[in-house]
1. Rounded to the nearest 0.05, what FRET efficiency do His168 and Ile237 have when you use their Cβ-Cβ distance and R0 = 41 Å?
2. Please compute the net charge surrounding Ala147, taking Lys and Arg as +1 and Asp and Glu as -1 over other residues with Cβ under 15 Å from its Cβ.
3. DSSP H helices in the chain with Cα extent of 27 Å or more along the helix axis and mean Kyte-Doolittle hydropathy at least -1.0?
4. Lys and Arg at +1, Asp and Glu at -1: add these up for the other residues within a Cβ distance under 12 Å of Glu196 and post the number.
5. What spacing in nm lies between the two simple spin-label points modelled at Ser141 and Ala184, each 7 Å away from Cα in the Cβ direction?
6. Pick out which of Gly219, Gly102, Gly19 has the largest mean-square fluctuation in a Gaussian network model of the chain, springs linking Cα atoms closer than 10 Å.
7. Pop out the ³J(HN,Hα) list for the range 128-138 in order, Karplus 6.51 cos²θ - 1.76 cosθ + 1.60 with θ = phi - 60°, rounded to Hz; leave Gly and Pro as x.
8. How many angstrom lie between the C-alpha centres of the range 202-242 and the range 159-199?
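The values are calculated or read from the model by the stated rules, or taken from the named source; none is laboratory data. Just so we're clear, the structure is a prediction, and the values are computed from it rather than from any experiment. Cβ placement follows ideal geometry from the backbone for every residue including glycine, while neighbour counts extend to all protein chains displayed. These accessible areas exclude ligands, DNA and RNA; they are computed on the full protein's heavy atoms, side chains included. Shrake-Rupley method; radii C 1.70, N 1.55, O 1.52, S 1.80 Å.
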Amino acid sequence: MARRNQSPAFAIIGAGMVGTAIGFLLKKAGHDITAVADCSAAHLQRAIAYTGKTAVFRDPAQAAAHADCLLITTPDDRIEAVCTKIVRGSSVRGKKIFHMSGAGGLDLLEPAAQAGAAVASIHPLQSFSSITGAIQNIPGSYFGVTAASGSKKIAVSIVRDLQGIPIHITPAQKPLYHAAACMASNYLVSLMSVVESIYLSIGFSEKDAHKAYLPLVHGSLTNIEKQGCVGALTGPIARGDAGTIQK
């Protein structure tokens with residue numbers, strides 16, 4: 001969805017890390033961010049720094065009235081309630097409404113669909129711990145796209161404007177798709193925490209533990225990238241060293 005005279009106006013509903021980063025990247029791609037909504041005044045002020053001068057609201061329905069495309073970037077558990085509030089407070093007929101949950105389906109946007117909006121989900125397959133990190137990491141990332149009829153084309157266009165790579169995920173596939181994403185990201189962090197605690201237990205400082213295991217992790221990830229998971233397996237299990245494994 002390259003820059004056009006009739007480019008739709010966007011509203012970001014939920015100015016957390018992801019919403020703020022998405023707003024910044026859409027603006028960078030040439031789109032107008034005409035409204036931002038969040039219940040936090042601090043988040044709204046921060047969003048202005050990234051999206052430029054725009055209308056800010058505590059009420060998502062007021063923000064929705066200022067845009068053609070709405071991106072609901074709230075926590076997953078609030079998406080349906082926010083969507084319902086928008087529908088009750090503003091006309092959404094003919095608008096495009098998206099959420100960015102990896103696990104949630106289009107049922108979360110059913111109130112909008114019933115009111116005449118085209119709905120979709122676009123989920124960046126990426127890990128975010130800061131706005132700056134999100135801005136850097138989103139381009140080049142895959143996006144799981146789940147779209148109803150009438151919103152597939154624009155959903156893919158938005159992903160491409162974010163310099164992402166769209167991959168279509170059916171509603172039935174979303175739970176497994178998101179579970180795999182959690183394993184690849186959250187479980188890896190948890191595993192590294194266990195590794196770190198073991199090294200700390202034998203006298204390593206936290207700094208030395210990081211220096212010891214991070215090159216090993218980076219090397220393993222590089223091997224997976226080049227050789228696939230089976231070819232990247234090394235160590236006593238791959239060698240069949242039963243004695244070492246028993247220790």
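1. Values: r = 36 Å, r/R0 = 0.88.
Approximately 0.70, to the nearest 0.05.
2. On the way: positive: Lys95, Lys96, Lys152, Lys153, Arg160, Lys174; negative: Asp107, Glu110.
Taking every other residue near Ala147 into account, the sum is +4.
3. Working: long enough: 206-232 (31 Å, -0.33).
Span-like helices here: 206-232.
4. Details: positive: Lys207, Lys211; negative: Glu206, Asp208.
Combined, the nearby Lys, Arg, Asp and Glu give 0.
5. Calculated label separation equals 1.1 nm.
6. In this elastic network of the chain, the residue with the biggest mean-square fluctuation among Gly219, Gly102, Gly19 is Gly219.
7. Running phi through 6.51 cos²θ - 1.76 cosθ + 1.60 with θ = phi - 60° gives 10, 10, 7, 5, 4, x, 5, 4, 6, 8, 4 Hz.
8. 20 Å
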